[in-house]
Amino acid sequence: MIGYVARRLFLLVPILLGMTVIAFAVSRAIPTDPVVAALGQQAADHPAIVAAYRHHWGLDQPLPMQYLTYVKNLLHGDLSDSIYTHRPVTQDLRSYMPATIELATATILLSTILSVPLGIVAAVTRGTTPDLIVRLVTLVGVAMPIFWLALAALDVFYLHLGIAPAPGRLNPTDAPPPNVTGMYTVDSLIAGNMKTFWDAVSHLALPALIMATWSTGTLTRMTRTSMLSVLPQGFLRMVRSKGATELHTVLGHAAPNALIPVVTVVGLAYGDLLTGVILIETIFGWPGIGHYAYEAAIYADFPAIMGVTLVFGVIYTIVNLCVDLVYAALDPRIRAAMISGRR
Amino acid sequence: MNGGRTGDLLVVNDLHVAVGGGAGAIEVVRGVSFRLGSGEVLGLVGESGSGKTMTVSAIPRLLPSGAKVTGGTVCFKGEDLLGVPRQRLSEVRGKEISMVFQDSLTSLDPIMRVGPQVREPLVLHRLAGRRAATLTAQQELHRLGIPDPGRAMMRYPHEFSGGMRQRAVIATALIAAPPLVIADEPTTALDATVQAQILDLLGRLNRELGVAVILISHDLAVVSEISKTVAVMYAGRFVEFGPTRDLLAQPRHPYTRALLQSMPSPDVPKTRRLAAIPGEPPLAGALPSGCPFHPRCPYAAEICRSAEPPLEPVGHSLVSCWFAKDGSLPAAPKETVTSTVRVLAPDVSETVEPESPAPDAILSLEHVTRHFLMPNRLPFTAPAHVHALDDVSLTVRRGQVLGIAGESGCGKTTLGRCALRLLDVDSGRIRFMGRDITRTGGEDLRQLRRYMQPIFQDPYASLNPRSPIGDSVGEPLIAFGVAHDERKRRVREVLDFVGLGARYAAHLPHELSGGQRQRVGIARAIALNPELIVADEPISALDVSVQAQIINLFKDMQREFHLALIFISHDLRVVRHLSTHIAIMFLGQVVEHGPSEVVCSRPLHPYTAALLSSVPAVLGAAPRERIVLSGDPPSPSAPPSGCRFRTRCRFAQAVCAQTPPELHEVEAGRAVACHFPLSGGG
Ligand code: SF4
Ligand code: SF4
């Protein structure tokens, strides 16, 4: 098993290298001139300024050289500086990523807690009223344009009812807790500052809830479908024939089997959320990675784009690995295949 | 309604079960009644769709969703289970009545260790604490012959072989010591030698613990092994119900009689066609009027078409037939509709055995070896080899039928596919009509296919669902450029031959029954007049009453076309009846080979003997000593050293573990791979 994890992590290296090549090629292929983007049209009209600028950022080197330099720095943990923010990209990522992780984690926890019971109830009551209600609600959740929902929620809960706080991660009067993880909820707990904690939670609630409407819809349907495919299986009849109650049959045997494939969907959804939901982050003034990626793209900020790409690559690979490991923890057949090296 | 005599454990009275609701409801059980006393064994026999599984599922109310009881009572110890609340039902299930289902793989929770599943009934019924339940479960597994039960408890179902799983399921059913166990086809998915073990076990449990058993099977022979009484079901009702001995010795219902006669058995001369039951079992939704058996019954008279006969006592049995009263059925049924129309004097006892010199060898395999690699997705791990075929040499001559028998995983299917060059061999040589075809490829290979044809277990998979039967049969003819008119004529001819008639040419595959589709598969194989046909389990998927028809068809085909046939089957009864020569395979090797009658009556290899003795016999005529092999076939990826059979062999000696026995000729045309072959007779 450890060997398996090591192999998977080892595979991360070629994947990331490949991603740098692609990201590098793509970012250089974008027709935007970073010089214009960064210095503005006026400065760009002065050849001397442009030349100095290009030399400073290494843009006057041939492309392969630029790439090699980049990779060399990368190996030292240096993602070079952002053209736009003038700070090291690593530092930028460190400040933007935690916000996204915090939001994504809250969202995925919320929607998993909601959707698993909903999906199970819907499957067990298939075709009757509870099932219909669940299906209708989740359909709405999936179909509703999420930015519209976000705007409507802000309008109702913040502007009219005043029960939700203004956009942002904290009240302007609150100072962020001492930085440990960068996630304010966790950091404030570490600092023992309950007031800041509740403030952070209340700011987190609305965006997480809005994002969860989408993922809850998907997860509920997945849980329901998976349960429906497990419920007719022979081993449940066997469980009943042993004298198990319906409750024990469903919760003790059907659900554990049905939830295994749901893990994949949870993982994928989490990966999606982690790479940022730009619209939500924008509407709720959430300084997350989606936000950062968006600006990097607008300003043709190559180092930032590359940095973001790499981070996304790592996130996807790690999330996938975690999904596989959870799978293995839950399903002995997959575990056996992994240990014997057949996967 | 009626409580039942004292001593009656279970009284089922006029049980009706329907599938679907409202106007579309189809009755699948139409009034079944029986009593079962404590410690008795009832065998329930019927083909698929006869309602046998529905009948027994209704007893602990475990019918599949969509099916429900529409009438009758099920009194267990005087309590009508159909009326009790769910709560009470879960008290009865597992503790009073438990079930063993057919497919042990799907009977166990795949992600739960075996131990907790086996002890679950005790825990659910609060008969023991977890720890005590675990101990009991271990003892139970031990009693059922699972080696190292402590470790077995910690394993997952997929790590068990089929036989082990079925034993675990039986252990679960027995752990709470219920007075009644219902076993629904408990051995159908298992290999012959394992089937023998399980039946043995059920019989022993009944004798030693006094557990009452309802045993369901499609195979009358299996049921008759351990049941005192047998009920034969047809179209949702009992048609004959009585003491096993009477029912087998003197079947009163034409269906029972026909079932018995249609079974291939050593007593039926090879040259005779089996007394096949014409037609197919009816669908529950479209039962014929009157007696549902009348379209297939050789005795059917006017009254049979209009009124359904009641189940009435005849002798010691209950029989549902208008003519079942003693003596009113003619003793020997007249030969009725046979599947083929051509005149083929059915009893000319000319064997296909040696014509003057040895007939031409059509196909020979010489030292053929084929390994498989387990698929392997990651680098840095060693792939596992499976020896599917290991140094196999066999020859089949014109006019011969070479039967290949063995249990699952013995390599018989791989052998068939290599013979047809559908799979490449790793080493060895394949000769076809004198030519080395081991490495033939491309157009040459395509041309060869004209002379060698496959017949598969499920012809449906190989038929294009959207093209009419006629086109499917004519397809190989097109491929080899047979002109249009000639093709039409030939398609008509072969469809006629297989007993379908030319009018079926326009039908689509899904409009045909399983038996009819297999006829199409045969028609397609013979359309090009091939020299060699390889049939892989061609009758295993068919209903019992249809199997005999197809076996007959194979016999006819052999007589008519005089080709070389390789017939692969796990069912030794069929192989023995059909083939002139037999090769017995074990773990990728041929362990015994020779003329089939000689091999079957005087087996030399201990495995052949065990396989033969595991064939359930209908009329326990001569009570034989059954050789029950212990354990399961070893894994083909890690065969034992020396003789691969040694882990299950009673005669194994030290030398068997060191030196693999060579397949050597012991008498003319007879070879065996064993250091200590049995002496004749046994
Ligand atoms: S009632 Fe008639 S059709 Fe039915 S089994 Fe008896 S003889 Fe045959
Ligand atoms: S060689 Fe030995 S182990 Fe193998 S079958 Fe013969 S007696 Fe048994």
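Shielding of peptide B:86-96 by partners, expressed as the average count of other chain Cβ atoms within 10 Å per residue Cβ, is 3.
Subtracting the Cα-Cα distance from 0.36 nm times the residue separation, let me have the gained length for B:Ala132 to B:Asn464 in nm, one decimal. Each step should come with its number before you reach the end.
Values: separation 332, 0.36 × 332 = 119.52 nm, distance 5.73 nm.
Separation in residues times 0.36 nm, less the Cα-Cα distance, equals 113.8 nm.
Okay, which of region A:79-100 sit inside 14 Å, backbone N to the point 7 Å along the Cα-Cβ direction of A:Val13? Under cut-off, by backbone N: nothing.
Please compute the length gained on full extension between B:Ser38 and B:Asp200, using 0.36 nm multiplied by the number of residues separating them and subtracting their Cα-Cα distance. List each step's numbers first, then the result.
Details: separation 162, 0.36 × 162 = 58.32 nm, distance 1.97 nm.
Extending this stretch completely gives an extra 56.4 nm.
Shape of region A:133-238 from its Cα gyration tensor (a ≥ b ≥ c, root eigenvalues): rounded if a/c is under 1.5, otherwise prolate when a/b > b/c, or oblate? Cα axes put region A:133-238 in the oblate bin.
Counting only protein heavy atoms and a probe of 1.4 Å, the accessible surface of region A:90-298 is 72% carbon and sulfur. Across the options B:Ile362, B:Ile170, A:Ala208, the greatest Cα extent toward the positive end of the charge dipole of the protein assembly as shown (unit charges at beta carbon of Lys, Arg, Asp, Glu) belongs to B:Ile170.
The mean count of C-beta atoms from other chains within 10 Å of the C-beta of residues in B:109-120, rounded to a whole number, is 4. Between B:Cys656, B:Tyr504, B:Val482, the Cα set farthest toward the positive side of the dipole of the protein assembly as shown (charges on each charged residue's Cβ, about the Cα centre) is that of B:Cys656.
Taking the Cα centre of region A:90-298 as origin and charging only Cβ (+1 Lys, Arg; -1 Asp, Glu), how large is the dipole, in debye to the nearest 20?
Working: 10 positive and 11 negative charges, 203 e Å.
The dipole of region A:90-298 has a size of about 980 debye.
Only one residue of A:Tyr292, A:Ala99, A:Gly267 has its Cα farthest out toward the positive end of the dipole of region A:90-298, where Lys and Arg carry +1 and Asp and Glu -1 on Cβ, and that residue is A:Gly267. Label-to-label distance for B:His507 and B:Ile303 is 3.4 nm, based on points extended 7 Å past Cα in the beta-carbon direction.
In region B:34-75, the residues whose accessible area drops by at least 20 square angstrom when the other protein chains are added to the isolated chain are B:Leu62; the probe is 1.4 Å and only protein heavy atoms count. Can you classify chain B as rounded, prolate or oblate using the Cα gyration tensor, where a ≥ b ≥ c are the square roots of its eigenvalues, rounded means a/c under 1.5, and otherwise it's prolate if a/b beats b/c and oblate if not? Oblate, since a/c reaches 1.5 and b/c is not below a/b. What you get for region A:77-167, charging only the Cβ of Lys and Arg (+1) and of Asp and Glu (-1), is a dipole of about 300 debye around the Cα centre. Per-residue packing, averaged as other Cβ atoms within 10 Å, sorts the ranges B:291-301, A:65-75 into the order B:291-301, A:65-75, beginning with the highest.
Distance from the Cα centroid of region B:12-47 to that of region B:261-291 is 23 Å (rounded to whole angstrom).
Put simply, the protein assembly as shown fits an ellipsoid with semi-axes of 64, 39, 29 Å; these come from the alpha carbon gyration tensor as the roots of five times its eigenvalues, largest first. Mean separation of Cα pairs under 8 Å and 6 or more residues apart, divided by the residue count, gives region A:90-298 a relative contact order of 35 percent. Averaged over the residues of A:242-250, the number of partner chain Cβ atoms lying within 10 Å of the residue Cβ comes to 6. Solvent-accessible area lost on pairing A with B (1.4 Å probe, both sides summed) amounts to about 2800 Å². Solvent-accessible area of chain B (1.4 angstrom probe, protein heavy atoms only): carbon and sulfur portion equals 53 percent. Based on Cα contacts under 8 Å between residues 6+ apart, region B:424-579 shows a relative contact order of 26 percent.
For the protein assembly as shown, give the magnitude of the charge dipole about the Cα centre (Cβ charges: +1 Lys/Arg, -1 Asp/Glu; no others), in debye to the nearest 20. List each step's numbers first, then the result.
Working: 92 positive and 86 negative charges, 307 e Å.
Roughly 1480 debye, rounded to the nearest 20.
Can you tell me the accessible area per residue over region A:90-298, all protein chains present, probe 1.4 angstrom, in square angstrom? Before the final figure, lay out the partial values.
Working: 9350 Å² over 209 residues.
I get 45 Å² per residue for region A:90-298.
Accessible area per residue for chain B is 41 Å², calculated with a 1.4 Å probe on protein heavy atoms, without ligands, DNA or RNA. Under the simplified labelling scheme, the B:Asp360-A:Val71 pair shows an inter-label distance of 6.5 nm, with each label point 7 Å from Cα along Cα→Cβ. In the context of the full protein assembly, B:Trp322 retains an accessible surface of approximately 90 Å², using a probe radius of 1.4 Å and ignoring ligands and nucleic acids.
Residues A:Ile113, A:Ile305, B:Ile584, sorted by accessible area with the largest first, give A:Ile113, A:Ile305, B:Ile584 [1.4 Å probe; ligands and nucleic acids excluded].
The values are calculated or read from the model by the stated rules, or taken from the named source; none is laboratory data. No experiment lies behind these values; they were computed from the predicted model shown. Please note: Cβ atoms are built from the backbone with ideal geometry, for glycine as well, and neighbour counts cover all protein chains shown. Keep in mind that these areas ignore ligands, DNA and RNA; they rest on the heavy atoms of the full protein, side chains included. Shrake-Rupley method; radii C 1.70, N 1.55, O 1.52, S 1.80 Å.
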